[in-house]
Every structure is written in C-alpha cells, then in structure tokens.
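See below for the structure under consideration.
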Amino acid sequence: MLLGTMNIEENVSGDHDSTIELLKKTAELMKGCYSGERLVYQKELIRRTKKIDIGFLEFTQKHGNILVPRFGCFRIIDDCHIDNCTFRLKAYPYNDELNISFSTPRCIFEEAFIKAIEKNDFSKKHRREYYGGTVGIQGISNLVLTNMSEYLRNTLGGNNNGVLFSSNFNGLIPQQTKEKIETARSIFDDVYIIAEANWQTTVIQADPLVVGVAEDGEVALIDHFNTTPIEKYIEKEFTT
C-alpha cells in the first residue's frame with residue numbers, strides 16, 4: 001500500500017477492508033450510545049477491518065536546511081471543510097529550547113511531529129515541557145538551534161512568534177470514499193485524511209488515506225484512494 005511515494009504495508013494489520021455496509025451497520029448500532037459503549041463498537045469495527053500504526057508520521061522531509069514532518073494530517077470537519085494541517089516553530093538558541101505549537105493540542109499527529117522535529121539533532125537526549133498548546137523541546141545543541149533560528153528568521157521571514165508551517169489538502173475525493181467518510185464521522189471521535197505534506201504549497205497530494213480515531217487513540221483505516229485531477233473530474237461529472 002502506497003502513501004504518496006512511501007510503502008506503508010507493514011503499518012497496516014487486519015485482513016478486511018472497511019465496507020460501507022459494515023460502517024453503516026456499526027453507525028446504526030451506535031445510535032444513542034454513551035461514551036463507554038462507543039469505544040466497544042469502535043474497537044470491534046477496528047478488529048473486523050484494518051488497524052493502522054501511525055508511527056510512519058515520524059518520517060521527515062527537508063525544508064531548506066531543517067527537517068520537518070513528511071506527512072500531514074487533515075481533520076475532516078464536515079462535507080465541505082477539511083482543516084489545514086499546521087504547526088508553529090520557534091527556536092531560542094540562548095535558552096536552549098525549540099518550541100513547537102499546534103492549533104489543536106493533543107491531536108493525532110502531535111507526538112509523531114515532535115519526534116520528527118527532534119530528528120534535527122540526534123546528539124542529545126531531549127526533554128519536553130508542555131505549555132498548553134506549545135511543547136518546549138529542550139536539550140537541542142546550540143549550533144542546531146542557531147542554524148534553525150537563522151533559517152526560520154532570515155530565509156522564511158519569521159518573527160518573534162516563529163514560523164507557521166501549513167499544508168492543505170486539495171485533492172478531489174471519490175464519491176464512494178465520501179460515503180465512507182460521512183458514515184465514519186458518526187462512529188469515530190475524529191476522521192482524518194493523511195497525505196504527504198506540501199508545507200506552504202498547494203500541490204495535490206497522491207494516494208492519501210482516510211483514518212478514524214477511536215476514544216482510546218487506536219486508529220482504523222477507513223479508505224485508501226487516488227486523488228482525481230480536476231481535469232478528469234470535470235470530464236467525468238460535467239460531460240455527456
């Protein structure tokens with residue numbers, strides 16, 4: 001199974017793909033459930049379909065001379081809205097600390113993104129301090145922090161608030177995947193699209209995943225699809 005250009009087959013366990021029939025049946029059974037019951041149904045659905053280990057979110061890509069996360073997680077709000085994936089970086093060379101903050105604290109990708117950013121310096125064991133939606137990574141070498149600070153300020157034009165990295169998902173989703181997403185949103189606490197990130201660009205990402213996040217943090221694979229180029233979509237939907 002490809003996620004963009006990366007094979008993530010070893011991260012997926014389970015024999016059966018999610019079907020719209022199974023999703024709809026689960027959603028119907030969950031109507032009126034309280035929190036504890038919801039988790040039982042979520043876990044059973046994951047057991048009967050495919051579970052995905054999102055450890056691959058720790059993989060990185062180069063952004064200039066620093067490492068940033070390779071993948072983005074785009075939370076589906078409703079039929080018409082998909083959140084951008086964003087995080088903010090600020091380096092403090094004289095305080096030996098790098099700050100990374102998230103618009104949604106404790107989100108699905110927070111831990112993986114922190115580990116990805118920590119890969120900028122393998123020389124020391126890092127410590128973390130949590131300040132609400134901001135995580136302070138301590139113990140990074142002064143040289144690494146200075147280089148990161150110069151890149152964030154001088155190359156990317158950052159200020160005292162740091163630099164906001166943002167990637168949006170603008171691929172067109174197949175109709176059958178949309179049906180799965182609509183049903184999955186009534187089952188799971190959050191539903192995300194995971195795709196290779198193009199930080200501060202608008203390039204269409206290839207071969208994304210749709211995942212559902214259970215109350216205990218387990219992640220179900222809902223679907224895996226190919227994005228549709230706008231030209232093919234128009235040809236299919238608006239021509240006779």
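Observations, loosely collected:
- For Q205, the criteria (1) at pLDDT 85 or above; (2) closer than 14 Å to C85 by Cα; (3) assigned to a loop (DSSP other than H, G, I, E, B) hold in every case but one, which is (1).
Rundown of residues vs (1) at positive phi; (2) in contact (Cβ under 8 Å) with a residue 24 or more places away in the chain; (3) among the hydroxyl-bearing types (S, T, Y); (4) not assigned by TED's automatic domain parsing to the domain that holds E218, yes/no style:
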| site | (1), (2), (3), (4) |
| --- | --- |
| L67 | no, yes, no, yes |
| R70 | no, yes, no, yes |
| I100 | no, yes, no, yes |
| E110 | no, yes, no, yes |
| R128 | no, no, no, yes |
| G132 | yes, yes, no, yes |
| Q138 | no, yes, no, yes |
| N142 | no, yes, no, yes |
| N147 | no, yes, no, yes |
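- Checking each residue in segment 30-47 for being under 21 Å from K178 (Cα atoms) and either among the aliphatic types (A, V, I, L, M) or surrounded by 13 or more Cβ atoms within 10 Å (Cβ to Cβ) (or both) picks out M30, Q42, L45, I46.
- Total residues in segment 19-60 satisfying the condition of being touching a residue at least 40 places away in the same chain (Cβ under 8 Å) and farther than 25 Å from E111 by Cβ: the figure is 7.
- Subset of segment 46-78 [more than 18 Å from the chain's Cα centre (by Cα), farther than 17 Å from N11 by Cα and at pLDDT below 90]: G64, N65
- Within segment 79-98, the set of residues being assigned to a strand (DSSP E or B), under 20 Å from the mean Cα position of the chain (by Cα) and surrounded by fewer than 18 Cβ atoms within 10 Å (Cβ to Cβ) comprises H81, T86.
- Filter result for the condition that a residue is exposed (fewer than 15 other Cβ atoms within 10 Å of the Cβ) and either of a type outside the set (V, I, T) or under 20 Å from R153 (Cα atoms) (or both), over F122, F109, F102, F113: F122
- Residue, farthest from G64 (Cα to Cα), within segment 123-156, restricted to residues that are in a loop (DSSP other than H, G, I, E, B) and of a type in the set (A, V, I, L, M, F, W, C): I140
- Criterion applied to E97, E111 was being out of contact with any Gly (no Cβ under 8 Å at 6 or more places or on another chain) and under 27 Å from G132 (Cβ atoms), and the one residue passing it is E111.
- Looking across segment 5-24, the residues that are surrounded by 14 or more Cβ atoms within 10 Å (Cβ to Cβ) and in a helix (DSSP H, G or I) come down to N11, I20, L22, L23, K24.
- Residue list for segment 60-78, filter: surrounded by 14 or more Cβ atoms within 10 Å (Cβ to Cβ), in a strand (DSSP E or B) and not hydroxyl-bearing (S, T, Y): Q61, H63, I66, L67, V68, P69, F71, G72, C73, F74, R75, I76
- Segment 157-179: number of residues that are part of a helix (DSSP H, G or I) and either in contact with a Phe, Trp or Tyr (Cβ under 7 Å, 6 or more places away or on another chain) or not acidic (D, E) (or both): 4
- L57 vs. criteria surrounded by 13 or more Cβ atoms within 10 Å (Cβ to Cβ), assigned to a helix (DSSP H, G or I) and touching a strand residue (DSSP E or B) at 6+ places or on another chain (Cβ under 6 Å): yes
The values are calculated or read from the model by the stated rules, or taken from the named source; none is laboratory data. Just so it is clear, the model here is predicted, and its values are computed rather than measured. Cβ: placed from backbone, ideal geometry, glycine included. Neighbour counts: every protein chain shown.
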